[in-house]
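Structure in structure tokens, see below.
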Amino acid sequence: MKFISKIKNPSSKSNTPLQTKIQENLKEIKCIIFDCDGVLVDSEEIGTGVLLSMAKEFGLRMTLEEAMMNFSGRSLKDCLNEIENRTGQKLPEDFTDVFRKKTFEKYESELQPVKGVKEFIESLTISFCVASSGPMDKIRSNLSITGLAEKFGDNVFSSYLINSWKPDPEIFLHAAKEMGFSPKECIVIEDSKAGVISAKRGGFTVYALANENNSQILQTEGAIIFYRFEELDILLNSEKNTGS
């Protein structure tokens with residue numbers, strides 16, 4: 001069975017330790033579980049920028065890079081609790097509603113799919129789904145704005161429906177169960193420390209879309225890192241072929 005189509009198998013005389021590990025991981029893979037923000041849709045910088053701008057009014061001093069490192073992959077409630085702890089101020093009751101409204105407005109005009117993800121999804125020959133810490137309406141809206149909604153259909157799962165958020169593993173375990181597979185039959189694609197920890201706790205193999213600022217952290221937490229979906233496409237397909 002082909003794992004991913006459209007990519008030719010590059011010639012290789014011997015496997016590196018990483019290639020051997022990947023080869024073993026892919027033998028039984030039947031489903032890919034995608035995180036949403038930062039993996040499917042390029043929303044992390046937009047959303048974090050809005051949160052940081054609003055939080056600065058209450059005394060938070062943090063760069064955008066620091067904020068993305070601290071807040072990515074976590075529930076909004078956890079992020080707001082940290083902001084209150086750091087500033088020593090209680091945020092107003094309407095903070096969440098105002099934040100949701102402002103981010104939605106920016107998403108409508110600025111949100112794009114992550115580069116290469118559409119082509120990657122279209123090349124898949126196995127099952128796939130979305131599992132995110134965000135509210136269901138936000139996930140579906142962002143997938144719709146970026147033209148990805150029809151690719152996932154009903155295979156969309158939210159932490160808000162099970163009342164459990166990353167870094168707890170339940171959202172990924174729930175998604176795998178609903179899709180009809182065990183953790184060993186799935187791989188998770190993440191981009192945040194909390195997400196990687198969540199998936200590893202659930203017994204999943206994790207691939208992380210990384211950048212120069214977070215690659216070491218994600219790798220330390222146990223993820224196999226990649227920097228572009230084209231790279232992941234070639235990596236998975238070549239190792240699946242060499243393992244067959």
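No value in this document is a laboratory result; all are computed from the given coordinates. Predicted, not measured: the structure shown is a model, and the values here were computed from it. Every residue, glycine as well, gets a Cβ built from its backbone with ideal geometry; the counts of neighbours run over all protein chains shown.
Quick one: among N85, N142, N211, which has the greatest mean-square fluctuation in a GNM of the chain with alpha-carbon springs under 10 angstrom?
Comparing N85, N142, N211 in a Gaussian network model of the chain, the most mobile one is N85.
Once the principal axes of the Cα atoms of the range 68-168 are found, what is the range along each, listed largest first in whole angstroms?
Reported extents, whole Å, longest axis first: 50, 32, 24.
Still on this model: Can you work out ³J(HN,Hα) from phi for every residue in the range 203-216, in order, using Karplus 6.51 cos²θ - 1.76 cosθ + 1.60 and θ = phi - 60°, giving whole Hz and x for Gly and Pro?
The phi angles translate into x, 9, 7, 10, 10, 10, 6, 10, 9, 5, 8, 10, 4, 5 Hz.
A follow-up question, please. What longest region of the chain stays clear of GluC sites (Glu not before Pro) that DSSP places outside H, G, I, E and B and that have at most 13 other Cβ atoms within 10 Å?
Result for the longest clean stretch: 94-211.
Highest GNM mean-square fluctuation, the chain, Cα pairs closer than 10 Å: which of C79, C186, C31?
C79
Put +1 on the Cβ of every Lys and Arg and -1 on every Asp and Glu Cβ in the chain; which of L161, F172, N237 then has its Cα farthest towards the positive end of the dipole?
Positive-end residue among those listed: N237.
Please turn the phi angles of the range 182-191 into ³J(HN,Hα) values with the Karplus equation 6.51 cos²θ - 1.76 cosθ + 1.60 (θ = phi - 60°), one per residue in order, whole Hz, x for glycine and proline.
Those phi angles translate into 8, x, 5, 8, 10, 10, 10, 10, 10, 9 Hz.
Looking at the chain, send over the antiparallel percent of its DSSP beta bridges, to the nearest 5.
Taking every DSSP beta bridge with both residues in the chain, the antiparallel ones total about 10 percent.
Now, a different point. List every residue whose amide H lies under 5 Å from the amide H of S43, counting only residues 5 or more places away in sequence or on a different chain, with H placed 1.01 Å from N in the peptide plane.
G38
Okay, next question. Give me the Kirkwood hydrodynamic radius of the range 102-213 in Å, from all C-alpha pairs, to one decimal place?
This gives a value of 14.7 Å.
To continue, here is another question. Through the Karplus equation 6.51 cos²θ - 1.76 cosθ + 1.60, θ set to phi - 60°, convert the phi angles of the range 32-40 into ³J(HN,Hα) values in whole Hz; use x for Gly and Pro.
Ordered by residue, 3J(HN,Hα) equals 10, 9, 9, 5, 9, 5, x, 10, 9 Hz.
Within the P(r) computed for the chain, what percentage of the Cα pairs occupies the region above 35 Å? Each step should come with its number before you reach the end.
Details: 4094 of 29646 pairs.
So the pairs more than 35 Å apart make up 14 percent of the total in the chain.
Right, here's the next one. Taking springs between alpha-carbon atoms closer than 10 angstrom, which of D37, D97, D233 fluctuates most in the Gaussian network model of the chain?
Most flexible of the set in this elastic network: D97.
By how many nm would the segment from S164 to E66 grow when fully extended, if each residue of separation counts as 0.36 nm and the alpha-carbon distance is taken off?
The S164-E66 span can extend by a further 32.8 nm.
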